[in-house]
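To keep things clear, I will list the structure first and then write my remarks on it.
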Amino acid sequence: MNQDDKKRLLGVAAADYIDFLLETEQYIGVGTGSTANFFIDALAKVKHKFAGAVASSEVSAQRLKDHGIQVVALTEVSSLTVYVDGADEISGDFSMIKGGGAALTREKIVAAASDRFICIADSSKWVKQLGRFPLPIEVIPMARSLVALEMIKLGGTPVLRQGTITDNGHQIIDVHDLEISDPTGLESAINQIPGVVTNGLFAHRGADVLLMDHNNEIGTFTRSGGGPA
Ligand code: 5RP
């Protein structure tokens with residue numbers, strides 16, 4: 001199986017997984033990225049099982065609409081049963097790095113509003129410790145040098161993501177070389193820097209369930225039970 005095959009199977013597995021959880025009046029949260037795209041495509045088959053979706057990006061909203069799935073604003077719903085999204089890295093405590101697709105702020109908001117976070121990630125994303133993937137930080141443009149200097153103090157090497165403006169009109173700094181031994185502590189510390197909108201550490205609100213290929217099959221793992229060996 002190549003990586004694309006794995007992502008497609010993960011998308012289908014996630015649609016099957018939530019099929020059992022949903023009732024017709026419920027809304028779901030939908031993530032962004034190539035794995036999430038396969039999930040959206042698979043969702044089309046079970047769209048009669050739920051009322052609609054809140055999307056974490058304009059791109060995902062359009063893809064959902066193209067499949068005839070109703071897209072609603074988060075302000076229009078009282079709760080989301082599940083949030084399904086990919087990750088750039090996920091580690092043993094199910095904390096993640098996200099934001100490779102620049103949608104981290106809306107992803108973090110929709111994830112926080114959801115009862116359950118289901119991460120769909122191929123096995124290349126499974127790491128012992130987060131930090132090999134550069135940590136994305138969404139910043140208000142006037143603060144980007146300030147934030148970059150603060151990230152250097154924290155041991156990182158910041159690089160402005162050229163040509164990227166987020167759905168919220170901000171810029172992204174990718175921070176390389178960080179030693180992430182305390183994901184929740186670092187997530188909180190970066191949030192304290194003025195001008196930071198969101199950082200891509202999803203540690204305070206990590207995943208509850210992980211769907212990941214393991215020995216050429218899609219496995220279902222829970223945070224309490226641990227990930228693939
Ligand atoms: C987008 C994200 C994605 O979930 C992450 O980048 C993984 O993407 P892909 O499924 O394409 O590998 O956080 O902001």
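Counting only other residues whose beta carbon sits under 10 Å from that of T105, what net charge do I get with K and R as +1, D and E as -1?
-1
Straight-line reach from K49: which lysines have a Cα under 20 Å away, not including same-chain ones fewer than 8 places off?
K65
Put one equal scatterer on each alpha carbon of the chain, apply the Debye formula with no solvent term, and list log10 I(q)/I(0) at q = 0.11, 0.13, 0.14, 0.18 1/Å to two decimals.
Debye output, listed in q order: -0.52, -0.72, -0.84, -1.31.
What does the charge add up to near D5, with Lys and Arg as +1, Asp and Glu as -1, over the other residues with Cβ less than 12 Å from its Cβ?
Summing Lys and Arg as +1 and Asp and Glu as -1 gives 0.
Please report, ordered by residue number, every helix of the chain (full DSSP H runs) that is 30 Å or longer along its axis going by C-alpha atoms and whose mean Kyte-Doolittle hydropathy reaches 0.5.
Length and hydropathy pass: none found.
Percent relative contact order of the chain, based on C-alpha pairs within less than 8 angstrom and at least six residues apart?
21
When the Karplus curve 6.51 cos²θ - 1.76 cosθ + 1.60 is applied with θ = phi - 60°, which whole-Hz ³J(HN,Hα) does each residue of region 168-175 get, with x for Gly and Pro?
Residue by residue, region 168-175 yields 9, x, 10, 10, 10, 10, 9, 10 Hz.
Classify region 98-140 from the C-alpha gyration tensor, please: rounded if a/c falls under 1.5, else prolate or oblate depending on whether a/b exceeds b/c.
Since a/c reaches 1.5 but b/c is at least a/b, the shape of region 98-140 is classed as oblate.
Amide H of V54: which non-local residues (sequence gap of 5 or more, or other chain) have their own amide H closer than 5 Å, using H built in the peptide plane?
I28, G29, V30, V72
Using the Karplus equation 6.51 cos²θ - 1.76 cosθ + 1.60 (θ = phi - 60°), what ³J(HN,Hα) coupling, rounded to whole Hz, does each residue of region 199-210 give in order, writing x for Gly and Pro?
10, x, 7, 10, 10, 4, 10, x, 7, 9, 10, 10
What residues have an amide H closer than 5 Å to that of T198, excluding those fewer than 5 places away on the same chain, when H is modeled at 1.01 Å from N in the peptide plane?
Close amide H contacts, sequence-distant or interchain: E138.
Quick note: the coordinates plus some simple rules give every number you see, no bench work behind them. For clarity, every value in this text was computed on a predicted model and none was experimentally measured. Cβ coordinates were reconstructed from backbone atoms using ideal geometry, including for glycine residues, and neighbour counts include every protein chain displayed.
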